[in-house]
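S.K.: What follows is a single structure, and I will ask about it in a moment.
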Amino acid sequence: MTLAPGTEVHVKFDWPEARGPAHIRTPHYLRGKTGTVVRHLGDFANPEDLAFARPAVILPLYHVRFDARTLWPDAVTADEILVELYGSWLEPK
Amino acid sequence: MTLIETDGERLLLAVRSLLAQKGIVTPEEIAERARLTSEASPAQGARMVARAWVDPAYRKLMLDDGTRAAEAVGIPMRGLLPLGVLENTAEVHNLVVCTLCSCYPRQVLGFPPFWFKSAAYRARSVRDPRGLIAEWGTVLPAETRIQVVDSTADYRWMVLPLRPAGTENWDEARLAAIVRDGDMIGITVPNA
């Protein structure tokens, strides 16, 4: 099921790099944070598998928007961060 | 050992001849791709921006599908990652970064400026975008939101800047000449 624009999503608080070699496209500053799906950008082979030449599952890729004030304790303005995240990292709230 | 006799150069030669022997790509295709890579420059993206400023149908195409818009002005995109274009408006100013590494829309902007890959740019762009762009002399109205586009995955992103005031009667070529790479990353804005 594809997440609809406007869906609130929680980025998994997960650290695969602590368990061994890993290739991760989810920036650490977003893990455990909550954002909003802006749109589905398409479906792509999981780079976490491609990086190790493993068979790669096809994952939905989303543009997800975060309010800077929910990321940084010192953020003062309502700026936003727009990031591409794979569906495997997102949990609808 | 000279520069053209390094191990890396010999390895490259071996891989290129294997690709040709196995029929995966022809030497002509490799030469063509090398030529396209060296021809890529901010002037390509600037042509797209100028066209979008004068042609509303092209602007719509560019925002819907950057890859098709690039191809429509003769920029070859075959085999490359999809290009996304984000539009600056009075409400939103976009700033592109790749905090993980160095993703950059090379097919339309060429090689990235040296600072694009720096740890300082990558860290500060997401943490203090307004302070960062002010150091380039870019001061936005307080009511303009900054949207930092962290380019992490399978797209490459460029910014369609606002057309500066005072350029109303300019033709496309003259408009393209004022658009710099920083304007299409969002660190600066074009000036007439």
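S.K.: Beta carbons within 10 angstrom, averaged per residue: use that to sort the peptides B:61-71, B:39-49, B:22-32, highest first. It would help to have the intermediate numbers written out before the result.
M.R.: Working: B:61-71: 18.7, B:39-49: 20.9, B:22-32: 10.7.
Sorting B:61-71, B:39-49, B:22-32 by mean packing, highest first, produces B:39-49, B:61-71, B:22-32.
S.K.: To continue, here is another question. Within chain B, which cysteines find no other Cys whose Cβ is under 4.7 angstrom from their own?
M.R.: Here B:C101 come out as lacking a disulfide-compatible partner, given the Cβ-Cβ threshold of under 4.7 Å.
S.K.: Mind checking the mean number of beta-carbon atoms from other chains within 10 Å of the Cβ atoms in A:26-34? Each step should come with its number before you reach the end.
M.R.: Values: counts 3, 7, 2, 5, 4, 0, 0, 0, 0.
Per residue, the number of nearby Cβ atoms from other chains is 2 on average.
S.K.: Straight-line reach from A:K33: which aspartates and glutamates have a Cα under 19 Å away, not including same-chain ones fewer than 8 places off?
M.R.: A:E8, A:D14, A:E17, A:D67, A:D74, A:D79, A:E80, A:E84, A:E91, B:D128, B:D150
S.K.: Across peptide A:83-93, how many C-beta atoms of other chains are within 10 Å of each residue C-beta, on average? Don't skip to the answer; put the middle values down first.
M.R.: Values: counts 8, 10, 3, 3, 0, 0, 0, 0, 0, 0, 0.
That average works out to 2.
S.K.: Still on this structure: Sort chain A into rounded, prolate or oblate with this rule: let a ≥ b ≥ c be the square roots of the eigenvalues of the Cα gyration tensor; rounded if a/c is under 1.5, and if a/c is not under 1.5, prolate when a/b is larger than b/c, oblate otherwise.
M.R.: Values: a/c = 2.36, a/b = 1.40, b/c = 1.69.
Verdict is oblate for chain A.
S.K.: Once Rh for the protein assembly as shown is found with the Kirkwood sum over Cα pairs, what is the Stokes-Einstein diffusion coefficient at 4 °C and 1.567 mPa s, in µm²/s?
M.R.: Numbers: Rh = 20.6 Å.
Answer from the Stokes-Einstein relation: 63 µm²/s.
S.K.: What are the residues whose amide H is under 5 Å from the amide H of A:R39, where those residues sit 5 or more places off or on another chain and H is modelled from the backbone?
M.R.: A:H63
S.K.: Same structure again: Evaluate the relative contact order of chain B (contact order divided by residue number), counting alpha-carbon pairs under 8 angstrom at least 6 apart; express in whole percent. Mind showing how you got there, number by number?
M.R.: Working: 268 pairs, mean separation 49.7, N = 192.
After rounding, I find 26 percent.
S.K.: Suppose a student asked you for the relative contact order of the stretch A:8-92, using Cα pairs under 8 Å spaced at least 6 residues apart; what percent would you report?
M.R.: Working: 157 pairs, mean separation 26.0, N = 85.
Taking the mean separation of contacting Cα pairs over the length of the stretch A:8-92, I get 31 percent.
S.K.: Alpha carbon centre of the stretch B:64-94 versus the stretch B:129-192: separation in Å?
M.R.: 14
S.K.: So what J values fall out for the stretch B:126-136 if you push phi through Karplus, 6.51 cos²θ - 1.76 cosθ + 1.60 with θ = phi - 60°, rounded to Hz, Gly and Pro as x?
M.R.: 8, 8, 9, x, 5, x, 5, 6, 4, 5, 8
S.K.: With a cut-off of 8 Å between alpha carbons and a minimum separation of six or more residues, what is the relative contact order of the stretch B:76-167 in percent? Mind showing how you got there, number by number?
M.R.: Details: 119 pairs, mean separation 46.5, N = 92.
51 percent.
S.K.: Within a Cβ distance under 11 Å of B:F111, other residues only, what is the Lys/Arg minus Asp/Glu net charge?
M.R.: So the environment of B:F111 carries a net charge of +1.
S.K.: Return the average number of partner chain Cβ atoms within 10 angstrom of each residue Cβ along peptide B:141-151. Each step should come with its number before you reach the end.
M.R.: Details: counts 0, 1, 0, 2, 5, 6, 7, 7, 6, 10, 3.
What the average comes to for B:141-151 is 4.
S.K.: Could you work out how far apart the two model spin labels at A:T77 and B:K117 are, taking each label as a point 7 Å from the Cα in the direction of the beta carbon, and quote it in nm?
M.R.: Output for this residue pair reads 3.0 nm.
Coordinate-derived values only; no laboratory data. Predicted model only: the values in this text are computed from it and were never measured. Here Cβ is always computed from backbone atoms with ideal geometry, including for glycine, and neighbour counts include all displayed protein chains.
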